Amino acid sequence: MTSVFRAQGVSVSFGGVRAVVGVDLEIEPGELMGLIGPNGAGKTTFIDAVTGFVRYEGTVELDGASLNGLPPHARARRGLARTWQTVELFDDLTVRENLTVAAKDGGQASVDGELELLDLKTSAEAMPWELTQAQRKRAGIARALVARPRLLLLDEPGAGLDTRQSAELGELLQNIATSGTPVLLVDHDMGLVLNTCERVVVMDSGSVIAHGTPAQVRGDERVIAAYLGHSSAGAA
Ligand SMILES: Nc1ncnc2c1ncn2[C@@H]1O[C@H](COP(=O)(O)OP(=O)(O)OP(=O)(O)O)[C@@H](O)[C@H]1O
Ligand SMILES: [Mg+2]
C-alpha cells in the first residue's frame, strides 16, 4: 500500500541539542497512528519539522511528493494540518464561525460535516468561552479539518481531559481516520493512544526506540525503561 505520508531520516538540532535524530515514520490511508514518548523526547519538534516550522535534515513526503524546502503555508496547502499543544480560538466568533474562517473557500456548507464529526453540532452557535475544555479541544481539531487535509497532526489533544472525555475523543479520532483523513496522534495520555491507535511509534531522546501495535510497545523493555527514567511523563 502506498503511504500518504513518509518521513525518512528526519533530524533536528537546536545548537548542541539533538532534538530529533533520524526518525523514519510512514502513515497509510485511513490510519490513526500514535506517537508517544517522555517529556523532551522530540515529538513536538518532529511535528514542527514536517510542517515546516523548524529546519531539518532528511526527507518528508506527502502523497509521494517531497515537501523539503517548502515553508509552512505551502505544506498546509499540500495537505498537512496541525494543532498546537494549546487551543486558540477566535474569542469573538462562534464555533461555527471559527471553522468557517479556516475553510479554504470560506463557505458555510463545508463545516457541517466537521461539526458533526467532532460532536459539536449542538454547540455550533456557542462562543468559545461557553465551551468545556473537551469541546474547545474538539473545536480546534474541527478547525484543522475544514481545510480538508491529507494528514492531520495533533499535538496533545488529550491534555486536561478526564478518562471519559479522553475515551470519547479517541472514538472521534477513529471516526476521522476511517472517514478518510489519516491522523498522527501525539499524546501523553497512554490510555488514549494505546486504546485507539492500531500502530504506535515511541520516541526517546530524539530517536524512535520502538514501533508496533499497542501490545508490542507496552511490553517493550526500552519503552518501559524510557518511561521509568522520566517519572514526570505520566506513563501510569
Ligand atoms: N526552540 C528550541 N530551542 C532549543 N531547544 C529546543 C527547542 N524546542 C525544543 N527544544 C529541545 O528539544 C528537545 C525535544 O523537545 P520537544 O518539545 O520536541 O519534546 P516533546 O516530546 O514534545 O516533549 P513534551 O512531551 O514535553 O511536549 C528537548 O530537549 C527540548 O528542550
Ligand atoms: Mg511536546
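General observations
- Residues that are touching a helix residue (DSSP H, G or I) at 6+ places or on another chain (Cβ under 7 Å) and assigned to a loop (DSSP other than H, G, I, E, B), drawn from the range 31-69: Glu31, Gly37, Pro38, Asn39, Thr51, Gly52, Phe53, Val54, Tyr56, Leu67
- Picking from residues in the range 1-56 that are of a type in the set (D, E, K, R) and farther than 19 Å from Tyr227 by Cβ, the one that is farthest from ligand 1 (Cβ to nearest atom) is Glu28.
- Counting residues in the range 201-218 that are surrounded by fewer than 19 Cβ atoms within 10 Å (Cβ to Cβ), at pLDDT 95 or above, in a loop (DSSP other than H, G, I, E, B) and on the phi < 0 side of the Ramachandran plot gives one or more.
- Residue in the range 168-189 that is buried (at least 19 other Cβ atoms within 10 Å of the Cβ), over 24 Å from Ala76 (Cβ atoms), more than 16 Å from ligand 2 (Cβ to nearest atom) and at pLDDT below 95 present: no
- Among residues of the range 27-39, those that are more than 16 Å from ligand 2 (Cβ to nearest atom) and crowded, with 18+ Cβ neighbours inside 10 Å, counted: 4
- In the range 205-222, the residues that are under 12 Å from Gly37 (Cα atoms) reach residues that are in a loop (DSSP other than H, G, I, E, B) and away from ligand 1 (no atom under 16 Å from the Cβ) with C-beta atoms within less than 8 angstrom, at least six apart or across chains, in these pairs: Ile209/Asp220; Ala210/Asp220.
- In summary, helices (runs of 4 or more DSSP H) completely within the range 73-186 and bearing 2 or more residues that are of a type outside the set (A, V, I, L, M, F, W, C) and over 18 Å from the mean Cα position of the chain (by Cα) occur at 95-102, 111-117, 163-178.
The values are calculated or read from the model by the stated rules, or taken from the named source; none is laboratory data. Computed from a prediction, not measured in an experiment: that's the story for all the values here. When we count neighbours, we look across all protein chains shown, and the Cβ atoms used for this are built from the backbone with ideal geometry, even at glycine.
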